[in-house]
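The values are calculated or read from the model by the stated rules, or taken from the named source; none is laboratory data. Predicted, not measured: the structure shown is a model, and the values here were computed from it. Here the Cβ positions follow ideal geometry from the backbone for every residue, glycine too, while neighbour counts run over all protein chains shown. Side chains are part of the model used for accessible areas, which takes the heavy atoms of the whole protein and leaves out ligands, DNA and RNA. Shrake-Rupley method; radii C 1.70, N 1.55, O 1.52, S 1.80 Å.
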Amino acid sequence: MAKAVRFDSNALSLHNNKHFLIKFGVSFLLMGLAFRLLFSDSFSFSSQVEPKTEPLLASSPNQTPLPFDLPENEIITSSQNDGQEEFSPKNPEPETVGAKCDIFKGDWIPDPSGPRYTNESCHLIESHQNCMKNGRPDSGYFYWRWSPRECELPKFNPHKFLDLMRNKSWAFIGDSISRNHVQSLLCILSQVEQAVEVYHDEEYRSKRWSFPSHNFTLSVIWTPFLIKAAIFEDMNGVSKFEIQLYLDKLDKLWTDQYKSLDYAVIGGGKWFLKTAIYHENNSVSGCHYCSGKNLTELGFEHAYRKAIKLVLNFVAGSEHKPVVFLRTTTPDHFENGEWFSGGYCNRTVPFREGEVEMRDVDQVMRNIELEEFEKEFEKAKEVGSKNGVPLKLLDTTQLSLLRPDGHPGPYRQFQPFAEDKNAKAQNDCLHWCLPGPIDSWNDLVMELMVNGDKYI
């Protein structure tokens, strides 16, 4: 381009019509510049449509390599990811603009930043979930995060959360998974402010903590069925008599506290698989798994649907309107047996979608939850502005199904193989190590709380 301009300048001295050639040269220069700019824009646009992807685990000066080797079949490529762009540190997940996003559909992708806390920075981890202290030898399960396919999911921000929770009260209502979840949240928040335990029941199953600087109260209310129940089990799960379930009465342990709450996460599930006698209208109506009792076998599905419906009706009908999340059931990952028959979970990397199928019981429970939630949600929309129930779905089932590597396994006990490498140990393939995959549930909770209208 410069040579062309110099050539025109020399030619001007050889012709009499200098003004004409000067105008011609300037015009030519402007056209060249315009062409160059147009070409540059076109090239820039092309590079976004067909990006040059880098290896999944390629390190950069600002990125710490993962502390484990990812098996080749665990690398999520564009062909395996439903046509989505391949993830790399310089190629973040695509964000859908102007469209609803389902944050529960996605993949677990490598996250070199690692855990948000450790058993040294958080002293609230219960022993059964303290996998690091108990001697679990691998750490690869720390280095993954949940990534929706159609939008970006921000990491949980404990500073912002506590600011939003100033003068508020929040409860996790349900079984031991709810207790597992509240511990995760407590550990993340403890990096900003230490929680002070202000209450516990006799068995330490229901607890309450205070964050004095923010006047924020966080609690877990242990009610494994959510409805009224007479339970005759000890702390080891050994039962003297059948559970008595009252399918038309909610558990007052949580309903009596409901009016004091600003937020609640409600969830249940696995306890409904236990042997139980069902009561309705002040009489026995049937049972689940009670051979020899001469009672009608109604199945756990009957009881679970009744319970979820009763819970949602109560939430919708209450004059008090806290923000309520219905958390879906949590699948376990026992292989070659159950918790009582030698089942174990020794995988060390997540599944990709399509590599594992949900068990029938988990699918039944999740379907009941989704169906009853949708019914109540539609009813709430009909009366919308009148009663406006801020009801949200926390659908953690599918993303949890993909994490068989996140459970304590035999490391629910302290150093189970210290004395004998071949020792037999009971495995926990239902609850989650802390830190672990359950920490990502808090990312979902906070995003739904702050930007709930953006999502399906």
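The lone criterion from (1) more than 19 Å from the chain's Cα centre (by Cα); (2) under 19 Å from residue 105 (Cα atoms); (3) touching a residue at least 60 places away in the same chain (Cβ under 8 Å) left unmet by residue 359 is number (3).
Residues in region 316-335 that are over 25 Å from the mean Cα position of the chain (by Cα) and either assigned to a loop (DSSP other than H, G, I, E, B) or among the acidic types (Asp, Glu) (or both): 318, 319, 320.
Residues 373, 340, 334, 351: which one is of a type in the set (Phe, Trp, Tyr) and under 21 Å from residue 446 (Cα atoms)? Give the steps one after another, and end with the answer.
Numbers: 340 fails: under 21 Å from residue 446 (Cα atoms); 334 fails: under 21 Å from residue 446 (Cα atoms); 351 fails: under 21 Å from residue 446 (Cα atoms).
Exactly one of 373, 340, 334, 351 is of a type in the set (Phe, Trp, Tyr) and under 21 Å from residue 446 (Cα atoms), namely 373.
Listed conditions (1) free of Cβ contacts under 8 Å to residues at least 60 places away in the same chain; (2) touching a strand residue (DSSP E or B) at 6+ places or on another chain (Cβ under 8 Å); (3) outside any loop (DSSP other than H, G, I, E, B) are all met by residue 186, apart from (1). Among strands (runs of 3 or more DSSP E) entirely within region 239-315, having at least 3 residues that are open to solvent by 50 Å² or more (accessible area, probe 1.4 Å) and at pLDDT 95 or above singles out 243-250. Taken together, the residues in region 409-432 that are over 26 Å from residue 392 (Cα atoms) and within 18 Å of the chain's Cα centre (by Cα) amount to 1. Which ones in region 178-224 are open to solvent by less than 20 Å² (accessible area, probe 1.4 Å) and of a type in the set (Ser, Thr, Tyr)? 178, 184, 190, 206, 219, 223, listed by residue number.
On inspection, residue 233 passes the criterion of being of a type in the set (Asp, Glu) and either without any contact (Cβ under 8 Å) to a residue 40 or more places away in the chain or touching a helix residue (DSSP H, G or I) at 6+ places or on another chain (Cβ under 6 Å) (or both).
Quick check on region 316-338. Is at least one of its residues aromatic (Phe, Trp, Tyr) and open to solvent by 50 Å² or more (accessible area, probe 1.4 Å)? No, the conditions are met nowhere in region 316-338.
Results for (1) under 28 Å from residue 360 (Cβ atoms); (2) free of Cβ contacts under 8 Å to residues at least 12 places away in the same chain, shown as yes or no for each residue.
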| residue | (1), (2) |
| --- | --- |
| 216 | no, no |
| 228 | yes, no |
| 244 | yes, no |
| 247 | yes, no |
| 258 | no, no |
| 266 | yes, no |
| 314 | no, no |
| 317 | no, yes |
| 320 | no, no |
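Residues that are of a type in the set (S, T, N, Q) and part of a loop (DSSP other than H, G, I, E, B) were ranked within region 336-390; the one that is modelled with the lowest pLDDT is 341. Consider region 133-152 and keep the residues that are open to solvent by 30 Å² or more (accessible area, probe 1.4 Å) and in contact with a Leu (Cβ under 9 Å, 6 or more places away or on another chain). The one that is nearest to residue 435 (Cα to Cα) is 143.
The set of residues in region 396-453 that are in a helix (DSSP H, G or I) and open to solvent by 30 Å² or more (accessible area, probe 1.4 Å) comprises 398, 411, 412, 449, 450, 451, 453.
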